[in-house]
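Worksheet: one structure, shown below.
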């Protein structure tokens, strides 16, 4: 997919549409060659989740070299739309879903069956993938099912649910990733990108007033807005 171009991975946006637009302008993308990978958590907490989703959908239409991963915020919203579980509703409240609803001009009762979402936005959220791999790189939101020489550990990790993987903080710790690829992830906010030999974390807390970060590969160059 990116044989001749660069890969740009973008960290957690969380409704920060203005930062997203500035960041995209700073990347100087070659739409014919470069690949954009978004690591999930597009919604909640920030003021403009609707605009973020609209922009991402426009990018998908403009360029086939786009990859959109599922974040735990999107996964939780979609699961609540399916089962209406009250515990998920409490979690969504803690995750700042009111800001997302406000961006759509909706209220909490509109969460039921996700009636506040336009069809195209719901289709987009349902199309998100868990991970993406290219050459020496593995892109995930929070964690992935790693390879392991320890069969028992491998079995435990591979049986985790999507919800558990997307909410994991394992990659923010010291334990090996278990992958023979360089893992690029978001989810856990750092004041500056986390850079280790086997992983790079690029959620830099844009929604908390810090910067929105993109990682350019293979140059290993960071871009911020």
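Would you confirm whether any residue within segment 140-155 is more than 20 Å from residue 188 (Cα to Cα), part of a loop (DSSP other than H, G, I, E, B), at pLDDT 95 or above and touching a strand residue (DSSP E or B) at 6+ places or on another chain (Cβ under 7 Å)? Let's see the steps before the verdict.
Step one: list which residues in segment 140-155 are more than 20 Å from residue 188 (Cα to Cα), which gives 147-155.
This time we only want the ones that are part of a loop (DSSP other than H, G, I, E, B), so: 147-150.
Now restrict to residues that are at pLDDT 95 or above: none.
The answer is no, given that none of the residues of segment 140-155 is more than 20 Å from residue 188 (Cα to Cα), part of a loop (DSSP other than H, G, I, E, B), at pLDDT 95 or above and touching a strand residue (DSSP E or B) at 6+ places or on another chain (Cβ under 7 Å).
Given the options 57, 21, name the one that is touching a residue at least 12 places away in the same chain (Cβ under 8 Å), farther than 20 Å from residue 224 by Cβ and surrounded by fewer than 20 Cβ atoms within 10 Å (Cβ to Cβ). So that I can check it myself, show each step before the final result.
On the way: 21 fails: farther than 20 Å from residue 224 by Cβ.
One residue alone meets the criteria, 57.
Tell me which residues, restricted to segment 204-225, are over 16 Å from residue 13 (Cα atoms), assigned to a strand (DSSP E or B) and without any contact (Cβ under 8 Å) to a residue 40 or more places away in the chain. First the steps, then the outcome.
Step one: filter segment 204-225 for residues over 16 Å from residue 13 (Cα atoms), giving 216-221.
Narrowing the set further to residues that are assigned to a strand (DSSP E or B) leaves 216-217, 221.
Listed by number, the list holds a single entry, 221.
Per-residue answers, yes or no, for (1) touching a residue at least 40 places away in the same chain (Cβ under 8 Å); (2) closer than 17 Å to residue 139 by Cβ:
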| residue | (1), (2) |
| --- | --- |
| 38 | no, yes |
| 52 | no, no |
| 74 | yes, yes |
| 98 | no, no |
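Restricting attention to segment 165-179, and to residues there that are free of Cβ contacts under 8 Å to residues at least 40 places away in the same chain and either surrounded by fewer than 17 Cβ atoms within 10 Å (Cβ to Cβ) or over 17 Å from the mean Cα position of the chain (by Cα) (or both), which single residue is nearest to residue 76 (Cα to Cα)? Working first, answer last.
If we filter segment 165-179 for residues that are free of Cβ contacts under 8 Å to residues at least 40 places away in the same chain, which is where we start, we get 165, 168-178.
Next cut, either surrounded by fewer than 17 Cβ atoms within 10 Å (Cβ to Cβ) or over 17 Å from the mean Cα position of the chain (by Cα) (or both) only: 169, 173-178.
Details: 169: 16, 173: 24, 174: 27, 175: 26, 176: 27, 177: 24, 178: 26 Å.
Here the answer is 169.
Residues in segment 170-177: is at least one touching a helix residue (DSSP H, G or I) at 6+ places or on another chain (Cβ under 8 Å) and part of a loop (DSSP other than H, G, I, E, B)? Show your work before the answer.
Taking segment 170-177 as the starting set, the residues that turn out to be touching a helix residue (DSSP H, G or I) at 6+ places or on another chain (Cβ under 8 Å) are 177.
Restricting the remaining residues to those that are part of a loop (DSSP other than H, G, I, E, B) gives 177.
Yes, some residue in segment 170-177 is touching a helix residue (DSSP H, G or I) at 6+ places or on another chain (Cβ under 8 Å) and part of a loop (DSSP other than H, G, I, E, B).
This table checks each residue for (1) under 13 Å from the mean Cα position of the chain (by Cα); (2) at pLDDT below 95.
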position	(1), (2)
160	no, yes
181	no, no
185	yes, no
189	yes, no
192	no, no
203	yes, no
213	yes, no
218	no, no
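What single numbered condition from (1) touching a strand residue (DSSP E or B) at 6+ places or on another chain (Cβ under 8 Å); (2) closer than 14 Å to residue 20 by Cα fails to hold for residue 186?
Only one criterion is unmet by residue 186, namely (2).
Out of 11, 40, report the one residue that is at positive phi and crowded, with 18+ Cβ neighbours inside 10 Å. Lay out the reasoning, then the answer.
On the way: 11 fails: at positive phi.
Only one candidate qualifies: 40.
The values are calculated or read from the model by the stated rules, or taken from the named source; none is laboratory data. Being a predicted model, the structure only gives us computed values, none of them experimental. Please note: Cβ atoms are built from the backbone with ideal geometry, for glycine as well, and neighbour counts cover all protein chains shown.
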